[in-house]
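Contents: one structure, followed by commentary.
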Amino acid sequence: MSRLLLLSLLVTAAPPRGNPLVTHALTRPETLAGHVVERVPAGSYLYLRLVDAQGTAHWVATLRRTAPTGDDVRVTVFARAETFHSSRLSRDFSPLSFGPVSPAVVESP
(Lines give C-alpha, C1' and ligand atoms only; values in the text may rest on other atoms or scores of the structure.)
Protein backbone atom coordinates (compact mmCIF):
# COMPACT_ATOMS: atom_id res chain seq x y z
CA MET A 1 0.00 0.00 0.00
CA SER A 2 2.83 2.43 0.81
CA ARG A 3 4.39 1.79 -2.62
CA LEU A 4 1.09 2.70 -4.27
CA LEU A 5 0.87 5.91 -2.22
CA LEU A 6 4.47 6.85 -3.07
CA LEU A 7 3.89 6.15 -6.76
CA SER A 8 0.72 8.26 -6.82
CA LEU A 9 2.55 11.15 -5.10
CA LEU A 10 5.37 11.00 -7.66
CA VAL A 11 2.96 10.94 -10.59
CA THR A 12 0.75 13.78 -9.34
CA ALA A 13 3.48 16.03 -7.96
CA ALA A 14 3.65 19.44 -9.59
CA PRO A 15 6.82 20.32 -11.51
CA PRO A 16 9.31 22.48 -9.64
CA ARG A 17 8.57 26.20 -9.83
CA GLY A 18 10.91 28.29 -11.91
CA ASN A 19 12.37 25.37 -13.82
CA PRO A 20 12.75 26.82 -17.33
CA LEU A 21 12.86 23.35 -18.89
CA VAL A 22 9.30 22.88 -17.64
CA THR A 23 7.88 26.38 -17.95
CA HIS A 24 9.32 27.02 -21.43
CA ALA A 25 9.34 23.46 -22.82
CA LEU A 26 8.93 22.96 -26.56
CA THR A 27 6.47 20.37 -27.80
CA ARG A 28 9.29 18.89 -29.91
CA PRO A 29 13.04 19.36 -29.55
CA GLU A 30 14.74 21.50 -32.18
CA THR A 31 18.32 21.55 -33.39
CA LEU A 32 20.44 24.68 -33.47
CA ALA A 33 23.94 24.76 -34.93
CA GLY A 34 26.47 27.55 -34.76
CA HIS A 35 29.89 28.86 -33.88
CA VAL A 36 30.54 29.80 -30.22
CA VAL A 37 31.57 33.46 -30.05
CA GLU A 38 31.02 34.15 -26.35
CA ARG A 39 30.87 32.21 -23.08
CA VAL A 40 29.33 33.57 -19.88
CA PRO A 41 29.78 31.27 -16.85
CA ALA A 42 27.08 31.34 -14.16
CA GLY A 43 27.60 28.77 -11.42
CA SER A 44 26.97 25.28 -12.76
CA TYR A 45 25.47 26.76 -15.94
CA LEU A 46 27.02 28.38 -18.96
CA TYR A 47 25.46 30.83 -21.39
CA LEU A 48 26.80 30.57 -24.93
CA ARG A 49 26.30 33.06 -27.72
CA LEU A 50 26.29 31.22 -31.04
CA VAL A 51 26.26 32.59 -34.56
CA ASP A 52 24.53 30.33 -37.09
CA ALA A 53 25.34 29.90 -40.80
CA GLN A 54 23.04 32.83 -41.68
CA GLY A 55 24.88 35.14 -39.27
CA THR A 56 22.10 35.23 -36.67
CA ALA A 57 23.15 35.26 -33.01
CA HIS A 58 21.47 32.92 -30.49
CA TRP A 59 21.87 32.63 -26.72
CA VAL A 60 21.87 29.13 -25.23
CA ALA A 61 21.92 28.03 -21.57
CA THR A 62 23.55 24.69 -20.87
CA LEU A 63 25.55 22.87 -18.22
CA ARG A 64 28.92 24.41 -17.50
CA ARG A 65 31.10 21.71 -19.06
CA THR A 66 30.84 22.38 -22.76
CA ALA A 67 32.59 23.72 -25.84
CA PRO A 68 35.11 26.56 -25.62
CA THR A 69 34.78 29.80 -27.56
CA GLY A 70 35.64 29.24 -31.20
CA ASP A 71 34.09 25.80 -31.52
CA ASP A 72 31.31 24.78 -33.87
CA VAL A 73 28.52 23.18 -31.86
CA ARG A 74 25.09 21.64 -32.13
CA VAL A 75 22.37 22.22 -29.53
CA THR A 76 19.33 20.05 -28.93
CA VAL A 77 16.87 22.72 -27.77
CA PHE A 78 14.30 21.39 -25.31
CA ALA A 79 13.00 24.77 -24.11
CA ARG A 80 12.99 28.41 -25.22
CA ALA A 81 12.10 31.55 -23.29
CA GLU A 82 11.28 34.67 -25.29
CA THR A 83 12.70 36.70 -22.40
CA PHE A 84 14.73 35.23 -19.56
CA HIS A 85 16.28 37.04 -16.59
CA SER A 86 19.33 35.50 -14.95
CA SER A 87 19.34 36.52 -11.29
CA ARG A 88 22.91 35.34 -10.88
CA LEU A 89 24.14 37.51 -13.76
CA SER A 90 21.60 40.33 -13.34
CA ARG A 91 21.14 40.13 -17.08
CA ASP A 92 18.31 39.55 -19.54
CA PHE A 93 18.50 37.22 -22.54
CA SER A 94 15.98 37.51 -25.33
CA PRO A 95 15.33 34.86 -26.51
CA LEU A 96 17.18 32.10 -24.63
CA SER A 97 17.28 28.45 -25.67
CA PHE A 98 17.96 25.62 -23.19
CA GLY A 99 19.60 22.32 -24.03
CA PRO A 100 22.69 20.15 -24.15
CA VAL A 101 25.56 21.20 -26.41
CA SER A 102 27.75 18.83 -28.41
CA PRO A 103 30.50 19.30 -31.00
CA ALA A 104 29.15 19.86 -34.49
CA VAL A 105 29.67 17.00 -36.89
CA VAL A 106 31.74 18.19 -39.82
CA GLU A 107 31.04 16.25 -42.98
CA SER A 108 33.93 15.47 -45.30
CA PRO A 109 33.53 16.42 -48.97
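The values are calculated or read from the model by the stated rules, or taken from the named source; none is laboratory data. Quick caveat: nothing in here was measured; it's all calculated off a predicted structure. Cβ sites come from the backbone with ideal geometry, for glycine too, and all protein chains shown count toward neighbours.
Counting only residues that are modelled with pLDDT under 95, among the β-branched types (Val, Ile, Thr) and within 11 Å of the chain's Cα centre (by Cα), which one in segment 50-76 is surrounded by the fewest Cβ atoms within 10 Å (Cβ to Cβ)?
THR76
May I ask you to verify whether ARG88 is at pLDDT 90 or above and more than 13 Å from the chain's Cα centre (by Cα)?
yes
Considering each of THR23, THR31 in turn, give the residue that is exposed (fewer than 14 other Cβ atoms within 10 Å of the Cβ) and at pLDDT 80 or above.
The match here is THR31.
Can you tell me how many residues in segment 40-57 are under 13 Å from ASP72 (Cα atoms) and of a type outside the set (Gly, Ala, Ser)?
Filtering segment 40-57 for residues under 13 Å from ASP72 (Cα atoms) gives 48-53.
Pick out the ones that are also of a type outside the set (Gly, Ala, Ser) and you get 48-52.
Final tally of qualifying residues: 5.
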